[in-house]
Amino acid sequence: MSFNLLIPMLSVADLGRAREFYCDRLGFRVVNTFGKPKPVWCMLERDKVRLMFNQPPGIVIFPPPKDHQIYYFYPDGVAALHAAWKTAGLPVSDLRVAVYGMKEFELRDPDGYRLWFGESTDEPPTVNE
């Protein structure tokens, strides 16, 4: 038995807002939705990355600890992606080189999920984290 794919499912407060952010701002596209008359679940895709989102009914008593969850993406050309999103007005962190050999930046989505984008580098670290 082998695993072929991991697709995280993130709970969000407003599915429409999440879809708009990921599609219109980050370049994902809708693969599928579920729920009528208003969708309560969707799968989005960009390149080889897929994410699922659901909007739980009612009030979520125990929201996920978003400060401790990081979703790490490995794009090609992280510096160009950082520059493009910064120019587009997305609240990206500064581009940094970490001591563990990654050039990276982070971004929070509208629900507070931490999205990090990075690629391997031989450049010297710019931060000591």
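The values are calculated or read from the model by the stated rules, or taken from the named source; none is laboratory data. It should be emphasised that the depicted structure is a prediction, and the values quoted were computed from it without experimental measurement. Cβ placement follows ideal geometry from the backbone for every residue including glycine, while neighbour counts extend to all protein chains displayed. We work out accessible area using only protein heavy atoms, side chains counted, and drop any ligands, DNA or RNA first. Shrake-Rupley method; radii C 1.70, N 1.55, O 1.52, S 1.80 Å.
The angle between the Cα long axis of helix 78-87 and the main principal axis of the chain comes to about 70°, on a 0 to 90 degree scale. Taking 7 Å steps out from each Cα toward its Cβ at residue 38 and residue 106 produces label points 3.1 nm apart.
Measuring nothing but protein heavy atoms, the accessible surface of segment 1-107 at 1.4 Å probe radius is 58 percent carbon and sulfur. A simple spin-label model places pseudo-atoms 7 Å from Cα toward Cβ; at residue 52 and residue 72 they are separated by 2.4 nm.
A 1.4 Å probe run over the protein chains yields, for the chain, 65 Å² of accessible area per residue, whole-number rounding. In percent, rounded to a whole number, the relative contact order of the chain is 21, using alpha-carbon pairs under 8 Å and six or more apart. For segment 3-128, the convex hull spanned by the alpha carbon atoms encloses 134 Å³ per residue.
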